[in-house]
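Quick note: the coordinates plus some simple rules give every number you see, no bench work behind them. The shown structure was predicted, so the numbers you read here are calculated from the model rather than taken from an experiment. Quick reminder, even Gly has a Cβ in these numbers, built from the backbone with ideal geometry, and neighbours come from all protein chains shown.
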Amino acid sequence: MSAELRITLAGAERVVAAGTTAGQALEADGRTVIAARVNGEPRDLAHPLAEGDAVEPIEISSDEGRAIVRHSTAHVMAQAVQELFPEAKLGIGPPVENGFYYDFDVAQAFNPDDLKRIEKRMREIVKQGQLFSRRPVSDDEARAELAAEPYKLELIGLKGGAAEEESVEVGAGQLTIYDNLDAKTGELCWKDLCRGPHVPSTRSIPAFKLMRSGGAYWRGSEKNPQLQRIYGTAWESRDKQDEYLKLLEEAEKRDHRKLGAELDLFSFPPELGSGLPIFHPKGGIIRKEMEDYMRRRQAEAGYEFVNTPHITKSSLFETSGHLPWYADDMFPAFELEGVDYRVKPMNCPMHNLIFRARGRSYRELPLRLCEFGSVYRYEKSGVVHGLTRVRGMTQDDAHIYTTREQMADEIKSLLRFVLSVLRDFGLSDFYLELSTRDDSEKFIGDPAEWEEATEALRQVATESGLTLKDDPGGAAFYGPKISVQAKDAIGRTWQLSTIQLDLNQPKRFGLEYQAADGSRQTPVMIHRALFGSVERFLGVLTEHYAGAFPPWLAPVQVVGIPIAEAHVPYLHDVAKRLRASGIRVEVDAADDRMQKKIRNAQKAKVPFMLLAGDDDIANGAVSFRYRSGEQKNGVPVDEAIAEIVNAVERRVQV
RNA sequence: GCCGACGUAGCUCAAUCGGCAGAGCAUCUGUCUUGUAAACAGAAGGUCAGGGGUUCGAUUCCCCUCGUCGGCUCCA
């Protein structure tokens, strides 16, 4: 055995003594470099190197490094929990985006006080600098050591078999246990089944915080027992963590449920029932602007406008396949004159009837039917959430019927159309998700046709140049879909538009057109919702703009604020001229002082305040105050009107 | 649907270890007439989410329902 090893260190050849660990080779301090990548595999710093190994550092501030810190923090949390709650059984504890969690089986759910105690104990453990020490074990040894951990035993049982999906507990190869050792005495403090890697010492965890707890089903299935999950966050520095916590605060300020009430846009009266919003006049204006704009764009893009009722005989949904496949998401039937009726959860079956209302020619295709259709879905009580998850909503729904030959081109132009409209609403950062079927029972139709439809979508998505993520099993029951995910102003992503291909419903409805050669053909059907739902889109826009809508969408575009009561008539005059230009303007003639009126308008996030006092009137001018607090005094009224109209017409943010 | 927390005036929040329910803002009425984020005064506003139970007495303790919030599962 040679006393030396040749390795590749960060790309350069090096010779090191036999027995050198990855950490020694990297001269890692366990602070900035917390793990290593050996031959492409993430490893502990204590990993001993072999001849020919290629070693690279994993820095704590990289995505991979953070995940390791978070995973290690999850271990520290589990240790603290088991010290404080000895009866707690371990579930799983992986790193996730921005943090980590660990699931526990405990008799009693954790309360906020428990979290404080756990966090306090964690800080002590971190301070002690316990060492993470890896130890390979055989399956039988693992079973013996973890005899008191039923969930871990289950994971060991899954290993190699069904556990194709790699978890953080059991990898593909040999099982390993990580021991947490006292830094001074080497005494065993805690251990967990885990494939690692981990930071070398609990001291390598610079910043963490427990966030919240909640129930979570074991292995993600509602058929399994429910465990208690604790979420935490961990970062490479206190500063980074504070930055993240600040982002959460910012998100809270933007919460559309809160802004919706503050800005008097909409509400959810308990009298109506959960998930059923009502839109107040100011919210109504935003909706109207959204809808008007969509109508205009659709008219330009060759859509035809249709209307369909909210309820229908149940049999229609037998034909469409909704009742066999989607009934759990529908409101229950009600009987009328001996016939069952249903409230519609989707508009497509009705649009199919419009297609079928008379004979169709290939010359009419693509036929684009669109409607702001009210649909109602039975969302389970625990999932209803503001405007983003409601039980009654309006879809800007379109169904496009094409020939198979036209399909690809139509999808392509459709995607372009969708992105162009979203951009006009101020969203610019997108990626696509391709939702496909899997082997489960919830999908109807011929897998070969699914394959064809999926490929058509994939090709268009790929050609768009946008990032494409796969979402296996996420399709609708009748066909695959592309969904457009948009990032908002603070980097959160929202699912908005969907484009779904449907080879099933046309058949189920017996839809036909006559082709050029006289034969009868079945059209392809494309479902498209651009906003997703008007409600959700309005909610997303509210959060994106933090309630400060661009002038074209702002419920009140201009507020006139007189310096003194005597200036009110002058502002009414200016307002009249603004109204004549289609601007939504109010004059605040209330008994408040000017400063108070400014404060009110500011809180209402009105884009333009127009002030007028003696000086302005003398010059036929007004003075602007913008949302930023910036002001522009003595602007001639004509110019002021032009500036406002221009901002509205160009749909810019101010 | 499941686990947990919560529900007091239009809003934000106090208080009552079981004994007359309180503030600020908003609203209304007056006074004041003001140059870029809150003038002053007064009035009005509550079946303490709803229902049931325990108790001499329940906003307070217990149960149920509804709703909200945070998770899980599911989704536009």
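When A:THR493, A:THR21 are ordered from fewest to most other Cβ atoms inside 10 Å of their Cβ, what list results? Before the final figure, lay out the partial values.
Numbers: A:THR493 13, A:THR21 19.
With the fewest neighbours first, A:THR493, A:THR21 line up as A:THR493, A:THR21.
Using +1 on the beta carbon of Lys and Arg, -1 on that of Asp and Glu, and nothing else charged, what's the dipole of chain A about the Cα centre, debye to 20? Spell out each step's value before the answer.
On the way: 84 positive and 100 negative charges, 306 e Å.
Approximately 1480 debye in magnitude.
Greater than 32 Å separation of Cα atoms is the criterion. Which listed pairs, A:LYS282/A:LYS596; A:LYS469/A:LYS507; A:LYS223/A:LYS246, meet it? Intermediate results must be reported in sequence, preceding the final value.
Numbers: A:LYS282/A:LYS596 21 Å; A:LYS469/A:LYS507 30 Å; A:LYS223/A:LYS246 37 Å.
Cα-Cα > 32 Å for A:LYS223/A:LYS246; rest within.
What per residue convex hull volume, in Å³, comes out for region A:242-385 when only alpha-carbon positions are used?
198
What's log10 of I(q)/I(0) for region A:4-59 at q = 0.25, 0.31 Å⁻¹, Debye sum over Cα points only, no solvent?
Log10 of I(q)/I(0), two decimals: -0.89, -1.35.
Can you list the residues, at least 5 places off or on another chain, whose amide H is less than 5 Å from the amide H of A:ARG37, using H built in the peptide plane?
So A:ARG37 has HN proximity to A:ARG43, A:GLU56, A:ILE58.
Please compute the length gained on full extension between A:ALA54 and A:GLN495, using 0.36 nm multiplied by the number of residues separating them and subtracting their Cα-Cα distance. Show your work: numbers first, answer last.
Working: separation 441, 0.36 × 441 = 158.76 nm, distance 4.10 nm.
In short, 154.7 nm is gained.
So how much slack lies between A:LYS487 and A:LEU188, counting 0.36 nm per residue of separation and subtracting their Cα-Cα distance, in nm? Display every interim value, and only then the final one.
Numbers: separation 299, 0.36 × 299 = 107.64 nm, distance 4.62 nm.
Between A:LYS487 and A:LEU188, full extension yields an extra 103.0 nm.
If Lys and Arg each add +1 and Asp and Glu each add -1, what is the summed charge of the other residues whose beta carbon sits under 13 Å from the beta carbon of A:THR233?
Every neighbour counted, the sum reads +2.
How large are Rg and Dmax for region A:275-544 when calculated on the C-alpha trace, in angstrom?
Calculated on Cα positions, Rg and Dmax stand at 18.1, 55 Å.
Kindly provide the helix-only [θ] at 222 nm of chain A, computed as the sum of -39,500 (n - 2.57) over DSSP H runs of four or more divided by all residues, to the nearest 500 deg cm²/dmol?
Values: 19 runs with 218 residues, N = 654.
Helix-only estimate at 222 nm: -10000 deg cm²/dmol.
Taking amide H positions as placed in the peptide plane 1.01 Å from N, state which residues far from A:LEU511 in sequence (5 or more) or on other chains have amide H under 5 Å from it.
The list, which skips near neighbours in sequence, is empty: none.
Based on the inverse mean of 1/r over its pairs of different Cα atoms, what is the Kirkwood hydrodynamic radius of region A:232-315, in Å?
Working: mean 1/r = 0.0580 Å⁻¹.
Averaging 1/r across every pair of different Cα atoms and inverting gives 17.3 Å.
For A:ALA575, what charge total do you get from the other residues with a beta carbon under 11 Å from its beta carbon, if Lys and Arg give +1 and Asp and Glu give -1? Don't skip to the end; give the middle numbers.
On the way: positive: A:LYS576, A:ARG577, A:ARG579, A:ARG584; negative: A:ASP573, A:GLU586, A:ASP588.
Charge balance near A:ALA575 sits at +1.
What does the charge count around A:ALA529 come to, taking other residues whose C-beta lies under 9 Å from its C-beta (Lys +1, Arg +1, Asp -1, Glu -1)? Walk me through the numbers on the way to the answer.
Working: positive: A:ARG528; negative: A:ASP396, A:ASP397.
Neighbourhood net charge equals -1.
Can you give the convex hull volume of the alpha carbon atoms of region A:564-636 per residue, in Å³? Intermediate results must be reported in sequence, preceding the final value.
Values: hull volume 6.3 nm³, N = 73.
Normalising the Cα hull of region A:564-636 by residue number yields 86 Å³.
Taking 0.36 nm per residue of sequence separation and subtracting the Cα-Cα distance, how much length would be gained by fully extending the chain between A:TYR293 and A:ASP63, in nm to one decimal? If you can, show how the numbers build up before the last one.
Details: separation 230, 0.36 × 230 = 82.80 nm, distance 4.09 nm.
Once the chain is fully extended between A:TYR293 and A:ASP63, it gains 78.7 nm.
To the nearest 0.05, how large is the calculated FRET efficiency for A:GLU41 and A:GLU364 if R₀ is 51 Å and r is the Cβ-Cβ distance?
Working: r = 59 Å, r/R0 = 1.15.
Calculated transfer efficiency: 0.30.
So what is the relative contact order for chain A, in percent, with contacts set as C-alpha pairs under 8 Å and at least six apart?
Details: 1244 pairs, mean separation 56.8, N = 654.
RCO, chain A: 9 percent.
Restricting to Cα atoms and excluding each atom paired with itself, what does the Kirkwood estimate give for chain A in Å?
Values: mean 1/r = 0.0341 Å⁻¹.
Taking every pair of different Cα atoms in chain A, averaging 1/r and inverting gives 29.4 Å.
Which three lengths, in whole Å and largest first, does region A:63-250 cover when its Cα atoms are put on their principal axes?
So the three principal-axis extents are 46, 42, 31 Å.
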